Structures are given as structure tokens and as C-alpha cells.
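Asker: Just passing along the structure, written as C-alpha cells.
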Amino acid sequence: MTQLKEFMLLFRFEPSNEEPTQEQLNEMHKQWGTFIGSIAMQGKLVSTHQLGFEGVKIAADQSTENGFHVSDGLTVAGNMVLKAETLEDATNLAKACPILYMGGNVEVRSVIPMN
């Protein structure tokens with residue numbers, strides 16, 4: 001049996017001041033549940049996290065600023081760690097991510113264990 005490696009999916013989207021409707025929220029939850037559930041049913045889910053909108057940025061000089069980092073109009077919305085044989089396999093799993101249908105993107109990265 002091939003040894004599975006861990007990969008992290010970083011979910012990015014464009015923050016908006018518009019509140020989604022309850023119908024939109026319900027649909028998003030359904031899509032995310034299906035996406036996460038399908039990976040979990042394959043025994044490949046390690047963990048997943050949705051990030052909140054509260055945060056503090058700390059600079060190298062130790063100064064702080066309330067908020068979260070936005071680059072190229074996008075911010076990190078959450079992450080998932082999953083197991084796959086190859087980067088290509090992890091990428092194929094990520095292509096079903098609901099954030100893609102919301103105009104966001106997914107970055108797939110290999111995870112290096114810290115020993």
C-alpha cells in the first residue's frame with residue numbers, strides 16, 4: 001500500500017461587506033458539508049478550519065494592527081489538511097472545493113512534518 005502524504009489546502013476569497021441571505025448561507029453550508037464529507041468518507045481528512053473575521057497582524061518590529069491580511073483583494077478564509085498519494089491527487093480533490101464557485105481560490109501545498 002502506498003504511503004499517503006499530508007497536503008494543506010488554503011482557501012482564499014474576496015472579503016465583502018454584504019451579508020449573505022439565509023438561503024445563500026444554507027446553500028454554502030450544504031456545499032461545504034458535501035465537499036468535506038466526501039474527503040472524510042475516503043479516510044483522507046486530517047483537519048479543517050474556518051477562520052473568523054477578528055484578527056491582529058503583528059509586524060517584525062512587534063507593532064500590531066487590528067484586522068486580517070488582504071493581498072490582491074483576497075484573504076485566507078480557512079484551511080484543510082488532507083492525505084493523498086501525490087500533489088496531483090490532492091489538487092484533484094481540491095478542484096471540488098465550494099470556494100471556487102464563490103470566486104475564490106485554493107492553494108494546495110505539501111506539509112513538511114516538524115520532528
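Asker: Mind checking which residues of the range 43-57 are exposed (fewer than 11 other Cβ atoms within 10 Å of the Cβ), under 22 Å from Lys95 (Cβ atoms) and at pLDDT below 95?
Answerer: Gln50, the sole residue that qualifies.
Asker: Output the residues belonging to the range 40-94 that are of a type in the set (A, V, I, L, M, F, W, C), within 17 Å of Leu10 (Cβ to Cβ), part of a strand (DSSP E or B) and over 12 Å from the mean Cα position of the chain (by Cα).
Answerer: Leu45, Val46, Leu74, Ala84, listed by residue number.
Asker: Give the residues of the range 48-67 that are more than 22 Å from Tyr101 (Cα to Cα) and small (Gly, Ala, Ser), sorted by residue number.
Answerer: Those that are more than 22 Å from Tyr101 (Cα to Cα) and small (Gly, Ala, Ser): Gly55, Ala59, Ala60, Ser63, Gly67.
Asker: From the list Ala40, Ala77, Ala60, which one is modelled with pLDDT of 95 or more and either on the phi > 0 side of the Ramachandran plot or surrounded by 12 or more Cβ atoms within 10 Å (Cβ to Cβ) (or both)? Reasoning before the result, please.
Answerer: Numbers: Ala77 fails: modelled with pLDDT of 95 or more; Ala60 fails: either on the phi > 0 side of the Ramachandran plot or surrounded by 12 or more Cβ atoms within 10 Å (Cβ to Cβ) (or both).
Every option except Ala40 fails the conditions.
Asker: When the range 1-26 is examined, which residues are found to be within 21 Å of Gly52 (Cβ to Cβ) and either exposed (fewer than 10 other Cβ atoms within 10 Å of the Cβ) or over 15 Å from the mean Cα position of the chain (by Cα) (or both)? Before the answer, list the steps.
Answerer: Filtering the range 1-26 for residues within 21 Å of Gly52 (Cβ to Cβ) gives 8-22, 24-26.
Correct list: Ser16, Asn17, Glu18, Glu19, Pro20, Thr21, Gln22, Gln24, Leu25, Asn26.
Asker: Every residue in the range 82-105 that is within 20 Å of Lys30 (Cα to Cα), in contact (Cβ under 8 Å) with a residue 24 or more places away in the chain and surrounded by fewer than 20 Cβ atoms within 10 Å (Cβ to Cβ), please.
Answerer: Of everything in the range 82-105, those that are within 20 Å of Lys30 (Cα to Cα), in contact (Cβ under 8 Å) with a residue 24 or more places away in the chain and surrounded by fewer than 20 Cβ atoms within 10 Å (Cβ to Cβ) turn out to be Ala96, Pro98, Tyr101, Met102, Gly103, Gly104, Asn105.
The values are calculated or read from the model by the stated rules, or taken from the named source; none is laboratory data. All values reported here derive from a predicted model rather than from experimental measurement. Note that we place each Cβ from the backbone using ideal geometry, even for glycine, and neighbour counts take in every protein chain shown.
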